[in-house]
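K.L.:
To start, I am sharing the structure in question, which I have written as structure tokens.
The values are calculated or read from the model by the stated rules, or taken from the named source; none is laboratory data. Predicted model only: the values in this text are computed from it and were never measured. Cβ placement follows ideal geometry from the backbone for every residue including glycine, while neighbour counts extend to all protein chains displayed.
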Amino acid sequence: MGVTAATEKKVALVTGGGRGIGRAVCERLAKDNYTLCIGARTIAELTEVEASLAAGGAEVNCFAFDIAAAEDVERVVAAIDADHGGIDLLVNSAGTSYIAPVAISKLERCEEVIRVNLFGAFVISRAVIRLMMRRRSGRIVHIGSISGQIGAPYNAIYAASKAGLAGLVKSLALEVAALGITVNAVQPGTVYTQLFEQTHGARARIKGISIEQQKQAMVEENPQKRLVTVEEVAEAVLYLASPGAAAVNGHLLTVDGGRSII
């Protein structure tokens, strides 16, 4: 899908931008001349990506904060507003997962998934939407998952958090539709990132198979017989942020090679 490069410098806040999908989104937005404000839990997560993007000529600002801590989020959003006069695009890629059968799951780990993936998405949306309402323009794109649509064995709490995120996206989209703001989500299928071996390694252990066998199982589940790339997810985000997507609102854009329609 073709996207026209941005003609003016816009400001994007990308959470979870230190690795995986979030980093790929930052790299793609940098090509369209966005000023990048990148968030993660620790600055250490952002050191390398900041240096890489800055070396390519991008204007980069990094912030360490907890997406589910309202005071942290308000502080960062206020700082970005003071420095740049607002936020044009929020891409929320912050997230966590927990692999375990429901029957033996640890509730504190489950609570953390909901806190980050769902409540955190609400908190960051709440803070940024206030700036966008003031300017009567803006784009919000959350990174969801097809797990919220089709379920995910051994990862029920993650699937529940992403299903909740889909409800948040649709509801908020209706609230702000008349204000020149759109709210959407990209829902990837299985993506090969740095966390693949961690999450799917846990699945493999539960199933009693090797990580290589688990990866092959994910490939075989995809009608395209491959995993989704972070770059493909980033391109979908860019589309939703583009002028051509002005009428796309409350949409869950699936990027999964057809896995969710089997």
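K.L.:
What pairs come up if the first residue lies in the range 184-204 and is farther than 18 Å from Val255 by Cα, the second is among the β-branched types (Val, Ile, Thr) and assigned to a helix (DSSP H, G or I), and their beta carbons are under 8 Å apart, counting only those six or more places apart or on different chains?
P.N.:
Listed by first residue and then by second, the contacts come to Glu197/Ile211; His200/Ile211; Gly201/Ile211; Ala204/Ile211.
K.L.:
Please find, within the range 1-31, the residue that is surrounded by the most Cβ atoms within 10 Å (Cβ to Cβ) out of those that are at pLDDT below 95 and over 16 Å from Val233 (Cα atoms).
P.N.:
Out of the qualifying residues, it is Ala6.
K.L.:
On to the next question. Could you list, in sequence order, the residues of the range 19-55 that are among the basic types (Lys, Arg) and within 23 Å of Lys9 (Cα to Cα)?
P.N.:
Answer for the range 19-55, where residues must be among the basic types (Lys, Arg) and within 23 Å of Lys9 (Cα to Cα): Arg23, Arg28, Lys31.
K.L.:
Quick check: anything in the range 198-216 among the aliphatic types (A, V, I, L, M), surrounded by fewer than 18 Cβ atoms within 10 Å (Cβ to Cβ) and touching a helix residue (DSSP H, G or I) at 6+ places or on another chain (Cβ under 7 Å)?
P.N.:
First, the residues of the range 198-216 that are among the aliphatic types (A, V, I, L, M): 202, 204, 206, 209, 211.
Add one more test, that the residue is surrounded by fewer than 18 Cβ atoms within 10 Å (Cβ to Cβ), and what stays is 206, 209, 211.
With touching a helix residue (DSSP H, G or I) at 6+ places or on another chain (Cβ under 7 Å) added as a condition, the list becomes 211.
Yes, that holds for at least one residue.
K.L.:
Something else: Just for the range 242-262: of the residues that are in a loop (DSSP other than H, G, I, E, B) and among the small types (Gly, Ala, Ser), which one is nearest to Val176 (Cα to Cα)?
P.N.:
Gly250
K.L.:
Pairs, please: C-beta under 6 Å, at least 6 apart or cross-chain, first residue within 27 Å of Lys9 (Cβ to Cβ) and loosely packed, with under 15 Cβ neighbours inside 10 Å and in the range 217-244, second modelled with pLDDT of 95 or more and of a type outside the set (D, E, K, R)?
P.N.:
Between residues of the range 217-244 that are within 27 Å of Lys9 (Cβ to Cβ) and loosely packed, with under 15 Cβ neighbours inside 10 Å and residues that are modelled with pLDDT of 95 or more and of a type outside the set (D, E, K, R), the close pairs are Glu231/Ala24.
K.L.:
Give the range 66-90 a look and list any residue that's buried (at least 21 other Cβ atoms within 10 Å of the Cβ) and not in a helix (DSSP H, G or I), or say none.
P.N.:
The answer is Ile67, Ile87, Asp88, Leu89, Leu90.
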